[in-house]
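Here is the structure we will look at.
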Amino acid sequence: MSAFRTVPGWVMGPIMGLAGLAVFIALWHVVTAGGLVSKAFLSSPGATLDALAYGLRKGDFAGQLAATVLRMLNGWLLASIVAIALGSLIGISATARAYLRPTLAFARSLPASAVIPIAISLVGLGPGMVLGVIVFGSVWPTLLATVQGFANVEPRLRDVAQVLRLSRAQFVVKIGLPNAVPDILAGMRLSLTVALILAVIGEMLSGQEGLGSAILLAARAFRAPELYAGIALLGLIGFVSSYGLLLVDRRVTRWRS
Amino acid sequence: MTRWRGIVVPLALLALAEVAFRTGGGTSDSLAPPSRAIAALWAVLTDGSLIVGTAQTLGTMLAGLALGGLGGLAAGIALGFSDLLRRFTFLTIEMLRPIPSVALLPLSLLVFGFGHRMEIAVIAFATFWPSLILTQSAVVQIEPRLIEVARMLRFTRLQIAWKIVLPAAAPRLMTALRLAAGLALVVAVTAEIVSNPQGLGHDLMIAQETLRPERMFAVLFWVGLLGWGKNAALLALERWLFACRGEVDTSIAT
C-alpha cells in the first residue's frame, strides 16, 4: 500500500472499485471461455453484451424496459399516494394507531406475491391485476413508515400545535408531514424495490409485455445471452431507482443535519 | 389494556365480509366467506396437506437462509476486516446487489429444474446481500481496542472472528438474521407461486386454478400467520438474548 500513499482516497476508491469489477468480468470470461460451465447456463460477458446491444437497438429490449419501468413507477406512485394519505390519517391519532397497527403489521408480513392468486381470481390475468398487486404490495413500507413518522413527532411540537389552535389538517400539513419526511422517504425506497419485484413477477405470470416475461421466454428457449442481458437490465433498473431515491433523500433531508 | 384493541379491526372486517357474502347471493368461484375459509383451514390442517406444504416451504427457506446467510456472514467479516478488500469489491457488489432476486427464477429453473435446489439457490442469492452488508457494517463498528487486545494476545484470524467479532457484533447480526429470514420466506413463497411446483405457494396457485377460493384464503391466512409468527419469535429471541445489553434495534421490522 505504501506506494499508493500519495494518491488521494477519492481517486483511489473508484480506481480500485473498477479494478475489482474488471477482475470479476475477467473471471466470468475465463469461466465461460474455459468451458467450466455450460454455455446454456452461463453466457460469456461478450455474448451478453452483444445480446444487450442488439436487443436495445434492433430487438424489443427498449420497449420491454420502458414497459417494466412504467409499470413499476405507476404502481409505486399510486401506492405512495395511498400510503401517505392513509398513514397520515392513522398516524395523527393515537387511538387509530392502537387499533390498526397490529392489522397493518400482519398485512405487511404477508408475502405480497401471495395475494397474486386472489388477484387473478378476482380480475383475471390482465394489466389491472399486475398494477393492483404492485400497489397492494408496495403500499405497506411507506404506510408503516408514515405512521411511524407521525408517532415520533416531538411531544412539545404537539403542545405547540395545541397552543396555536392548529386544526387537524393544519397539524398534518405543517408539523406531521414535514417531521415524517425522512421516514416516508426511507419507506418509499423500500416500496420501490418491492414494486420492481412485483412488476417482474406480474409480467412473468400474466405474460404482459416487459422484461419479466422477456427473461422467462429467453430461459425457456435456452437463449442464455438474452436471459443474462435481461437480468442485467433489471439490475440496472434496481440500481438507478435505489440510488436516485437516495440522492433525493439526501437533498430533501439536508436541513436536518 | 391496549392488547384487545388490535384484534377489533380484523374481527370487524371478517364479520363484515361474512355478512356481505351471505346477503349478496352466496356463491362465487373467486370469493369465499370467512366461515368457509376457517372450515377449509381446519380441513387442510387435519388432512395433512397443509403440513406437507409448510414443511417444504420452511425446509427450502431454512436451507437457502443457511446458505445465503452464512455466506454473507463469512464474506461480511472478511470485508469488515480488510479496507483493501472492501474498496476492491464495493463496485462489483453494488452492481450485483440491486438485481431483483425474482429475475433469477428463470435462470435457476434452467440450471436446476423443478425442485428444492432452484428455490434454495434464489433464496441464497436474496439473503446473501443483506447478510453481507449488515455483517460488514457490524464488524466495522466493533470497538477497535477489542481487536487490538486480541492481536496482543496473538489470536489467529479465526480466533478473532470467533471470540471477538461474533460476540461483539451479535445484536446487529441478530437483526440481520431477522431481516434475512423475512426475505427468505417471501422469496420461497414467490418462487413457488411463479415456477416451482411445491410448497405453500404452489398450494395457493392450485387452490386458485381449481376454483376453491375458501382453500386459497385458508392457505393465505396460514402464510401470513407463518410470517408473523416467525418475526415475533425472532424478536422475542433477540430480546431474551440481548435484554441485558439494551441495544436491541426493533426499528427494522421485516
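The values are calculated or read from the model by the stated rules, or taken from the named source; none is laboratory data. The shown structure was predicted, so the numbers you read here are calculated from the model rather than taken from an experiment. Please note: Cβ atoms are built from the backbone with ideal geometry, for glycine as well, and neighbour counts cover all protein chains shown.
Would you pick out the residues in region B:83-99 that are assigned to a helix (DSSP H, G or I), of a type outside the set (S, T, N, Q) and more than 17 Å from B:Ser137 (Cβ to Cβ)? Answer for region B:83-99, where residues must be assigned to a helix (DSSP H, G or I), of a type outside the set (S, T, N, Q) and more than 17 Å from B:Ser137 (Cβ to Cβ): B:Leu84, B:Phe88, B:Leu91, B:Met95, B:Leu96.
To keep it simple, each residue is scored yes or no on (1) buried (at least 23 other Cβ atoms within 10 Å of the Cβ); (2) out of contact with any helix residue (DSSP H, G or I) (no Cβ under 7 Å at 6 or more places or on another chain); (3) closer than 24 Å to B:Gly229 by Cβ.
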{"residue": "A:Ala83", "(1), (2), (3)": "yes, no, no"}
{"residue": "A:Thr95", "(1), (2), (3)": "no, yes, no"}
{"residue": "A:Ala151", "(1), (2), (3)": "no, no, no"}
{"residue": "A:Asn179", "(1), (2), (3)": "no, no, no"}
{"residue": "A:Asp183", "(1), (2), (3)": "no, no, no"}
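Select from region B:205-218 the residues that are among the charged types (D, E, K, R) and surrounded by fewer than 24 Cβ atoms within 10 Å (Cβ to Cβ) and write down the one among them that is nearest to the other protein chains (Cβ to nearest Cβ).
B:Glu209
Of the set (1) within 12 Å of chain B (Cβ to nearest Cβ); (2) assigned to a loop (DSSP other than H, G, I, E, B), all apply to A:Gly35 but (1).
Taken across region B:183-201, residues that are at pLDDT 90 or above and of a type in the set (D, E, K, R) do occur, with at least one present. Of all residues in region B:90-103, those that are crowded, with 22+ Cβ neighbours inside 10 Å and either at the interface with chain A (Cβ under 7 Å from one of its Cβ atoms) or over 28 Å from A:Ser38 (Cβ atoms) (or both) total 3.
Is one or more of the residues making up region B:124-133 among the hydroxyl-bearing types (Ser, Thr, Tyr) and assigned to a helix (DSSP H, G or I)? The answer is yes; a qualifying residue exists.
Between B:Arg22, B:Arg36, the distinction of being of a type in the set (Lys, Arg) and closer than 24 Å to B:Val189 by Cα belongs to B:Arg36 only. If you check B:Ala17 against the conditions, is it touching a Pro at 6+ places or on another chain (Cβ under 8 Å), surrounded by 16 or more Cβ atoms within 10 Å (Cβ to Cβ), outside any helix (DSSP H, G or I) and at pLDDT below 85? Spelling it out, it is not the case that B:Ala17 is touching a Pro at 6+ places or on another chain (Cβ under 8 Å), surrounded by 16 or more Cβ atoms within 10 Å (Cβ to Cβ), outside any helix (DSSP H, G or I) and at pLDDT below 85.
Under the condition of being part of a helix (DSSP H, G or I) and over 18 Å from the mean Cα position of the chain (by Cα), which residue from region B:172-204 is farthest from the other protein chains (Cβ to nearest Cβ)? Filtering region B:172-204 for residues that are part of a helix (DSSP H, G or I) and over 18 Å from the mean Cα position of the chain (by Cα), the one farthest from the other protein chains (Cβ to nearest Cβ) comes out as B:Asp203.
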